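Inspection log for the structure reproduced underneath, given as structure tokens.
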Amino acid sequence: MAVYTDIDAETLAAFLADYDLGAATGFVGILQGVENTNYRLETPAGRFVLTVFERRTAAADLPYFLALMSHLAAACFPAPRPVDRRTGGEIGRISGKAAAIVAFLDGVSTETPTAADAHAAGGALARLHLAGCDFPGRRPNDLGAIHWRALFQKSAGRADEVAPGLGAEILASLDWLEACWPADLPTGAIHADLFPDNLFLKDGAVSGVIDFYFACDDAYAYDLAIMLNAWCFDREGCWRDDLSEALTAGYRAERPLSFAEAVALPTLLAGAAMRFLLTRLYDWLNPAPGALVRPKNPLQQLACLRLHRSRLP
């Protein structure tokens, strides 16, 4: 959500002419994140977020993302509802790029979640899975396990610039993951990126879940593993068992895990760390020109991967 695309007043006015929102009364860039450009937009109709889709978000995937958000919002899940254009559809173009406007959600994210926060967040993920179980759209996970080796090849030649021996360690872990990756787990629409900065809390409850632009069809337990790594591995490189237990309990209270999911979860945790290690490694070595935020350090996910592998038999 860094600002890559600058939008001037004239360009914004022309874009908003295709919406029934009125003229902008407030417009400011949102600097957090690394994928797309986001602006906080205010008009007489209310508060919104204008997203300009950048390098990793394929235009062909946008209908899936926006339809999923609409489906969840209609099911009373706190996802940002996309705004329709006068000419139809939810996707427009601004500064030569695809863009969309979605409703603004109240609440704040936390960088230091408590066990109560984690419990609430885990419950929200389960409710997302339940609300999306009848969503008719389909999108294969193009960052899923079958794609990790090809993704690594984009960075393999320079991996050791980040840490000595990193390339060999990743290859060894890929061999292991490919040999034991679980199959036939319950599957459906998942968020696939539910880090703390993508979830808002208000008065102790989840008030919003945002940034659905990695959403796809994959195992629900894999989505839970992504979230556990994001919420329970702290800045000092320590795994927080209290947060892990609370988040998992919150999830189970809404959607119990099957026996197969529970057995697979330790491997899924390692795989989730691998997925973010590989994408962060690529972004670290290939920073987007003009970004106002630095890509996230891939070595944090390497430490997470090592921890989970060390806990497996």
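Is any residue of region 96-129 close enough, with backbone N under 19 Å, to a label point placed 7 angstrom from the Cα of Ala249 along the Cα-Cβ axis, and if so, which? Under 19 Å, as judged by backbone N against the label point of Ala249, lie 113-127 of region 96-129. Between the helical axis of 115-131 and the longest alpha-carbon principal axis of the chain there is an angle of about 70 degrees.
Think of each Lys and Arg Cβ as +1 and each Asp and Glu Cβ as -1; about the Cα centre, that makes the dipole of region 24-80 roughly 60 debye. Please report, as a whole percent, how much of the solvent-accessible surface of the chain comes from carbon and sulfur atoms (probe radius 1.4 Å). Ligands and nucleic acids excluded, carbon and sulfur give 55 percent.
How far is helix 299-311 tilted, in degrees, relative to the longest principal axis of the Cα atoms in the chain, given as a value from 0 to 90 rounded to the nearest 10? The angle comes out at about 40 degrees.
For a paramagnetic label modelled on Arg47 (point 7 Å from Cα along Cα→Cβ), amide N atoms under 11 Å away belong, within region 94-124, to 104-108. To the nearest ten degrees, helix 259-285 and the longest principal axis of the Cα atoms of the chain are 60 degrees apart.
Output needed for region 1-128: three equivalent-ellipsoid semi-axes, defined as square roots of 5 times the C-alpha gyration tensor eigenvalues, in descending order, whole Å.
Values: eigenvalues 134, 56, 46 Å².
That gives 26, 17, 15 Å for the three semi-axes.
The length gained on full extension between Ala115 and Ala75, counted as 0.36 nm times the residue separation minus their Cα-Cα distance, comes to 11.7 nm.
Bridging of Lys97 to aspartates and glutamates at a Cα separation below 20 Å is possible for Asp6, Asp8, Glu10, Asp18, Glu35, Glu54, Asp61, Asp84, Asp211, once same-chain residues fewer than 8 apart are set aside.
Under a model in which nothing but the beta-carbon of Lys, Arg (+1) and Asp, Glu (-1) is charged, region 167-304 shows a dipole of about 320 debye around its Cα centre. When you filter the GluC sites (Glu not before Pro) in region 101-173 for DSSP loop state and at most 16 other Cβ atoms inside 10 Å of their Cβ, you are left with Glu111. Stretching the chain fully between Glu10 and Leu299 yields a gain of 99.8 nm (0.36 nm per residue, less the alpha carbon separation). Shape descriptor for region 242-313: Rg over Rh equals 1.11 (Cα atoms; Rh from the Kirkwood inverse mean 1/r). A viscosity of 0.692 mPa s and a temperature of 37 °C, combined with the Kirkwood radius over C-alpha pairs in the Stokes-Einstein formula, give region 194-313 a diffusion coefficient of 211 µm²/s.
Tell me, how many Å apart are the Cα centres for region 112-170 and for region 189-227? Distance between centres, Cα-based: 11 Å.
Just to confirm, what accessible area per residue do you get for the chain at 1.4 Å probe, in whole Å²? The partial results should precede the final answer.
Details: 13730 Å² over 313 residues.
Result: 44 Å² of accessible area for each residue.
Ordering Lys296, Lys97, Lys154 by accessible surface, largest first, gives Lys154, Lys296, Lys97; the 1.4 Å probe counts only protein heavy atoms, with every chain in place. When region 167-268 is described by a simple charge dipole with +1 on each Lys and Arg Cβ and -1 on each Asp and Glu Cβ, the residue from Pro182, Leu247, Pro266 located farthest towards its positive end is Leu247.
Treating r as the C-beta distance of Leu130 and Asp175 and R0 as 35 Å, the FRET efficiency rounds to 0.50.
Computed about the Cα centre, the dipole magnitude for the chain is approximately 300 debye when only Lys and Arg (+1) and Asp and Glu (-1) carry charge, each at its Cβ.
Stokes-Einstein D for region 175-256 at 10 °C, 1.306 mPa s, Kirkwood Rh over Cα pairs, in µm²/s?
Working: Rh = 14.1 Å.
In µm²/s, the coefficient rounds to 112.
For region 13-62, count all C-alpha to C-alpha pairs, find those more than 13 Å apart, and express that count as a whole percent of the total. Of all Cα-Cα distances in region 13-62, 62 percent exceed 13 Å.
What fraction of the Cα pairs in region 57-160, stated in percent, has a spacing above 21 angstrom? Value for region 57-160: 56 percent of Cα pairs lie more than 21 Å apart. For the chain, the 222 nm mean residue ellipticity estimated from helices alone, with every DSSP H stretch of n ≥ 4 adding -39500 (n - 2.57) and the total spread over all residues, rounds to -13000 deg cm²/dmol. Across region 33-61, the residues whose backbone nitrogen lies under 17 Å from the label position 7 Å along the beta-carbon direction of Phe104 are 38-52.
The values are calculated or read from the model by the stated rules, or taken from the named source; none is laboratory data. Computed from a predicted model, the values in this text were never measured in an experiment. Please note: Cβ atoms are built from the backbone with ideal geometry, for glycine as well, and neighbour counts cover all protein chains shown. For accessibility, only protein heavy atoms count, side chains too; no ligands or nucleic acids. Shrake-Rupley method; radii C 1.70, N 1.55, O 1.52, S 1.80 Å.
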